[in-house]
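Below: one structure in structure tokens.
The values are calculated or read from the model by the stated rules, or taken from the named source; none is laboratory data. No experiment lies behind these values; they were computed from the predicted model shown. All Cβ positions, glycine included, derive from the backbone under ideal geometry; neighbour counts span all protein chains shown. Accessible surface areas use protein heavy atoms only, side chains included; no ligands, DNA or RNA. Shrake-Rupley method; radii C 1.70, N 1.55, O 1.52, S 1.80 Å.
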Amino acid sequence: MNTKNRNWASILSLLLWAIISTITAIGSVPTALALEYNKEILVQADFSGRDLTDSSFTKANLRYSNFSNANVSGVSFFAANLESANLRGANLTNATLDAARLIKTDLTNAILEGAFAANAKFDGAIVEGADFTDVLLRTDEQKKLCKLAKGTNPVTGRDTRETLDCP
């Protein structure tokens, strides 16, 4: 093999090594990184379809924000203002909603299984098809939600009224 061919072989070998290393590094990066938006003003922000697993929006102003079809499982919305926010089809499994304002919030087909929502306000929320399985709610908020509850969650197959333990 002459010198010119050896140089090309070395360059191609190095290039192949760089490509394989890059692919390996990308493959090992987690798909979701927990982010902190604590006390941020995020009015009308668009988080639709994003994976925000374990992120924190504690005391954030999220009025009119869009979380439709987002994965917000394990997310802290503690004392967050989610008034008129869009949470259609969002996965809120094990989320912290304690002291959050979900007034006029669209929770259509959302999954809230295992969420902690003590002291959360749901006045005028849209809950058609939402799954409230094992959600910790105050009794007065549960009664309000039962007046609005209807539908079946398309993912879990659970009836909204049943998940809220409505009479």
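Net charge near Phe116: determine it from the other residues with C-beta under 12 Å of the C-beta of Phe116, scoring Lys and Arg +1 and Asp and Glu -1.
Net local charge, Phe116 excluded: -2.
Here's a follow-up. Give me the one-decimal Kirkwood hydrodynamic radius in Å for region 38-167, with the sum taken over alpha-carbon pairs.
Kirkwood radius, region 38-167: 13.8 Å.
Let me ask something additional. Checking the cross-link filter: which lysines have an alpha carbon closer than 22 Å to that of Lys104, excluding same-chain neighbours under 8 positions apart?
Lys39, Lys59, Lys121, Lys143, Lys144, Lys147, Lys150
Still on this structure, please answer the following. Run the accessible area of region 39-150 with a 1.4 Å probe and give the carbon-and-sulfur part as a rounded percent.
45 percent
Provide the three semi-axes, in whole Å and in decreasing order, of the ellipsoid equivalent to region 50-105 as defined by the square roots of 5 times the Cα gyration tensor eigenvalues.
15, 13, 9
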